[in-house]
Each structure stands twice: as structure tokens, then as C-alpha cells.
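These notes are about the structure you will find just below.
The values are calculated or read from the model by the stated rules, or taken from the named source; none is laboratory data. The structure presented is a predicted model; accordingly, all values stated were derived computationally and were not measured. FYI the Cβ positions are ideal-geometry reconstructions off the backbone, even for glycines, and counts take in every protein chain you see. Note: areas computed on protein heavy atoms with side chains; ligands, DNA, RNA excluded. Shrake-Rupley method; radii C 1.70, N 1.55, O 1.52, S 1.80 Å.
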Amino acid sequence: MNSHEGVGATHGGTAPSIFLRGISKAFGETIALSDVSLDLRAGEVHALLGENGAGKTTLMKILYGLTQPDTGLIEADGVQLTINSPRDARAAGIGMVTQHFSLVKNMTVVENIALASASTFSLDLGVVRKEIKAASERFGLEVSPDAVISTLPVALQQRVEILKALMSGCSYLILDEPTAVLGPQDIDSLLDVIKRLRSESGIGVVLISHKMAEIEQVADRVSVLRRGKVVSSSSVSGISTQELIGLMMGTDEVAVAQRRTSKQLVGNPILALNGVGVNIEMGGLSEVSLDVHPGEIVGIAGVSGNGQAELVRVLSGTLAIDKGSIVVEGNTLGKNSPQSLMRAGVGMLGEDRHASAVHALQVMENLVLDCIDSFATRFQLKQKEILQHCESAIAQFEIKTTPKQALGTLSGGNMQKVLLARLFSRKPKVAIISQPTRGLDVMATRYVRSLIMKASTEGTAVLLVSEDLDEVLEIADRVAVMYRGAVIGIVDGSTATRETIGQLMAGITK
Ligand SMILES: Nc1ncnc2c1ncn2[C@@H]1O[C@H](COP(=O)(O)OP(=O)(O)OP(=O)(O)O)[C@@H](O)[C@H]1O
Ligand SMILES: [Mg+2]
């Protein structure tokens, strides 16, 4: 297999199977992978499942040449492959879309693809544009070749990444948690693309996902990684969801989270939005009125792009309001600036954990990042107190890390726990929490939800914005549904169903 087959390559099951054999990898004391073997076949979707930190990304980075294993080898039909770089991987027919995209943001689609395939295609942009068009049609991945990457929503950026990989002629495509960054509709269309790649082009897909339903929907085989070892590899039809969860966690007893019962609202709301409006081109907010009481979790549901992101930005102070008012504990905020909101006791967990954390800094430093004043004298930082604060947060929030580990090397679940610890250890009066369990495994998801519920029972008013309807239904006391920038309905959480919320999400109010 070589990359010069180009876009028109027909794979049709001719690509060799790929075998990873006895792969081990340690990072210092952390054993990320230990003697892992895995078979990949052309024309098959192979799901890779495992809790946060199990080693899924590390294993796939090794296959794609981004990381070198300590021991082990990779073979294609008995022939050993030398994969020292992504370039070697692509030459062997292996492509990967990583958890963090690698597109050049201020360049166009066609420029990015030309750049990536400079060795394969002509640098004539006109030619590349035609190649993109052909590949878009063939794989069902429509893009505008001349759009600048930074202007594209994340689902389209991902599409460009996939096209880029496919256009380098890969017969295996690794997708590392591709659905974690997508809303429900984009997830469906991505799953369709995956099915099509498998059936029409004979491509072997490795799909890393934490969502059982997706795995059942598209995967042919599923392998489970647990603490750096493959504990199971089988056909999807031959194994139940419950068995898979059991294998992932090392137990087959998985308690189902408790549904909330209807809650009596006490006292005055601690956060109130009165007719809040934001005028921006395409979207914005119109007349949003909403209140959250102490100890209450109000969930915001809705199809993505109906004003949820703007609402979060308004409450983080990064989007000024044009109309209406925001009242915290009875005091109307003069301006919704980040400072005034923070001073009023409004804390925030943003939807992109990578944007709210500094990867290069230590866990300890990240934990005190937004309250550094309380750990400093006039002249220096109180290092000992920072360390103590960090150690107790690590223990209290059960974070698998050490205070001095660089945050960027933590698994998704552990990184999210650090950010939640940062938020809740300051005991905010109001917590705005956006997509808190995106990309988290079943256990971490449950843990994060229980942390949110715990904070609410301790009196924090929580506004939970989530595209995961099950999450909203599981933990919200009331569910507000957004449609076209407005709150179209508010439903009691204990009686809400997928159907009632689904109707509101579609804009139907009767
Ligand atoms: N560059 C690195 N330096 C130090 N430790 C690392 C590095 N990369 C990964 N690790 C560690 O290796 C282990 C496996 O991480 P990996 O990212 O492969 O997990 P994962 O299964 O992909 O998790 P997630 O579902 O959260 O993405 C984790 O304990 C992680 O902290
Ligand atoms: Mg990963």
C-alpha cells in the first residue's frame, strides 16, 4: 500500500490487515500500555473503548507514528512496518484525525489540504480544488474549498480533517473521539459517513468513543482497553452493553444514577435573567427570562446553535447584553463583565476544557489560576498553601494525578476533574456548567454528574447547558429548552421525557 494511489484509489477489501503486536509504552512512572495486541481489518469499523486514561489515544498515536512504543511491532499481512512518523503511517495507508485538530486556522480548506498532501498532489490549487470536489462527492463529505478554517464550525473542520486523511489515500482511518465535539445531528451524519467509508470504499475505521449507542450503531468489532491492557476483543453483536461496561470498569455491577424527584423551590432565585437580549448577526438571544434558585439545577436543552453558546458567553461576561438585566442575589449587575460576574459569585465551567486550562502548567498551578490573589502576599506566592490546597483537591475529587504533573498530560476525565475542583472549591453561589461530560467515560461521567448534584445540595445554584439530553433529564430539577435564541418552554425535570423535550427542541409548543 502506498499513498500514491491518491484519491481515486479503490480499496475494496484489498488492503492488508494490520496487526499491532505486544505494544508497551510507559511515560515515566505511568504505564500507558502493557503488551497490547490488536488486529485491524479493511472494511471493518473497529471500536476502541476504555475509561479515561486507559491508553486508547496512546495506542493509536503509536500506530500513526506520533509516539514511539517502548516495545512491540506493527505488521501488515506479516510484513513489519516501520512507522517513525505520521508520514510513514500515511505511506502505509494509515490516516488519523486526532482529538485536537491540526488544521492551520487562518488558511483555507484547499490550502490546508494542499499543504498536507504536497508530496502526493500538485501544489496547483486549482487541481487540488478539483480533487477536493471529487473526494467530497465520493465520500459524502461536502465542504466549501475556499472557506477559511477559523470561520467553520467544528463539525466542518472535522470534515476537512477527514477529507485530508482520505485524500492522502489511506485505507485505514483512525478517529479519536470524533463525536465528542459534535452535537446530535452532526453525530448522525458522521456515523453515516463512517458506514459509507466502510461499505463503499472498504476502509477500515478505528473509532474511539465512550458512547455505547454509537458503537452499537456503526461498529463491527469492539476492543476494550483497561489500564493499558486489552481485556476483550469481539464482534459487537456478540457482546452486550452491560458486559462492555463491566469489562471497561473491571466490574459488572454498574449502578444506574438516581433520577431526581420533583423539588420544592425555596426562597428567591439567586440568579435571574430578565428579558435578556443580544443582537448579533445570525443568532443572538431574544428576551431570555430564566431564574435559578439556591440548590437547584436548571438544565438548558436544545439543538446546538439555538442560543446556548451565547447564553453561556453572556453569563461568563464575554458577550455584552443589549437588552434586559441580570440579577444575582437581588442585585442587578451594571454590566455583565467577567469581573462583575465573578465578584457576584458566578463561577464557570466552559464547554472546551482545553481552552480553560493551561496545558503546559502544572495541575497545582491550574487549580489556583483564577484565585491566585488568595494565595499570594504582596511579594510572593504562598507555595506551601498552594500545594496543600492542591493535595486536598486531588484527594477530595479523586483525581489521578500528582500536584506537579503538567495538566496537558492528564486524560480527559482527570483534566475535567481538575477544572471542576477549581470551580467548586471556591464555593460559587452560581455555577454555569457547559457540556461537562463531553468525551468522558461512563464512570467519569457519573462522577462528574454526582459532583454537580453534590454542589447543588450544598446550596449552589447550577445552570447546566448540555447537548446530552439524557444528562439533562438525569440531573436537572427543571429543564429550559432553547429554540432560535429564546427559551421556548420550561418543564419540571421529574416529569420531563425525551418526547416532551424533543418536541420543544423542534420548536413545537403545543
Ligand atoms: N505525553 C505524556 N506524558 C505523560 N503521561 C502521558 C502522556 N500521554 C499520555 N499519558 C498518560 O498515559 C495514560 C494513557 O493516556 P491516553 O491519553 O492514552 O488515555 P485515553 O484512553 O485516550 O483517555 P481519554 O479517554 O481520557 O482520552 C494516562 O495515564 C495519561 O495520563
Ligand atoms: Mg484519548
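A single member of 334, 324, 299 is among the small types (Gly, Ala, Ser), open to solvent by 60 Å² or more (accessible area, probe 1.4 Å) and not in a helix (DSSP H, G or I), and it is 334. Can you tell me which residue among 236, 218, 206, 222 is more than 15 Å from ligand 1 (Cβ to nearest atom), open to solvent by less than 10 Å² (accessible area, probe 1.4 Å) and touching a helix residue (DSSP H, G or I) at 6+ places or on another chain (Cβ under 8 Å)? Going through 236, 218, 206, 222 in turn, just one is more than 15 Å from ligand 1 (Cβ to nearest atom), open to solvent by less than 10 Å² (accessible area, probe 1.4 Å) and touching a helix residue (DSSP H, G or I) at 6+ places or on another chain (Cβ under 8 Å): 218.
Could you pull out the residue among 434, 411 that is hydroxyl-bearing (Ser, Thr, Tyr) and more than 16 Å from ligand 2 (Cβ to nearest atom)?
Numbers: 411 fails: more than 16 Å from ligand 2 (Cβ to nearest atom).
Among 434, 411, only 434 is hydroxyl-bearing (Ser, Thr, Tyr) and more than 16 Å from ligand 2 (Cβ to nearest atom).
Are any of the residues in region 391-401 open to solvent by less than 20 Å² (accessible area, probe 1.4 Å) and modelled with pLDDT of 90 or more? If you could, list the steps in order and put the result at the bottom.
Initially, region 391-401 is screened for residues open to solvent by less than 20 Å² (accessible area, probe 1.4 Å), giving 393, 397, 399.
Filter again for modelled with pLDDT of 90 or more, leaving none.
Within region 391-401 (the criterion being open to solvent by less than 20 Å² (accessible area, probe 1.4 Å) and modelled with pLDDT of 90 or more), the answer is no, since none of the residues qualifies.
Taken together, 365, 385, 351 contain a single residue that is touching a Ser or Thr at 6+ places or on another chain (Cβ under 6 Å), away from ligand 1 (no atom under 16 Å from the Cβ), open to solvent by 60 Å² or more (accessible area, probe 1.4 Å) and outside the structural domain of residue 447 (by TED's automatic domain parsing), which is 351. Inside region 356-406, residues that are in a helix (DSSP H, G or I) and within 16 Å of ligand 2 (Cβ to nearest atom) make up a count of 0.
Residue-wise test of (1) under 19 Å from residue 197 (Cα atoms); (2) away from ligand 1 (no atom under 16 Å from the Cβ); (3) in a loop (DSSP other than H, G, I, E, B).
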site: 22; (1), (2), (3): no, yes, no
site: 32; (1), (2), (3): no, no, no
site: 51; (1), (2), (3): no, no, yes
site: 59; (1), (2), (3): no, no, no
site: 73; (1), (2), (3): no, yes, no
site: 83; (1), (2), (3): no, yes, yes
site: 90; (1), (2), (3): yes, yes, no
site: 99; (1), (2), (3): no, no, yes
site: 110; (1), (2), (3): no, yes, no
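Please verify whether residue 353 is out of contact with any helix residue (DSSP H, G or I) (no Cβ under 7 Å at 6 or more places or on another chain), part of a loop (DSSP other than H, G, I, E, B) and at pLDDT below 90, treating the condition exactly as stated. Spelling it out, it is not the case that residue 353 is out of contact with any helix residue (DSSP H, G or I) (no Cβ under 7 Å at 6 or more places or on another chain), part of a loop (DSSP other than H, G, I, E, B) and at pLDDT below 90. Among the residues of region 164-181, those that are within 16 Å of ligand 1 (Cβ to nearest atom) and either of a type in the set (S, T, N, Q) or surrounded by fewer than 23 Cβ atoms within 10 Å (Cβ to Cβ) (or both) comprise 176, 177, 179, 180, 181.
For the condition within 23 Å of the chain's Cα centre (by Cα) and either at pLDDT below 95 or in a strand (DSSP E or B) (or both), residue 189 qualifies. For region 427-448, a residue qualifies if it is touching a residue at least 60 places away in the same chain (Cβ under 8 Å), crowded, with 19+ Cβ neighbours inside 10 Å and part of a helix (DSSP H, G or I), and the qualifying residues are 442, 444, 445.
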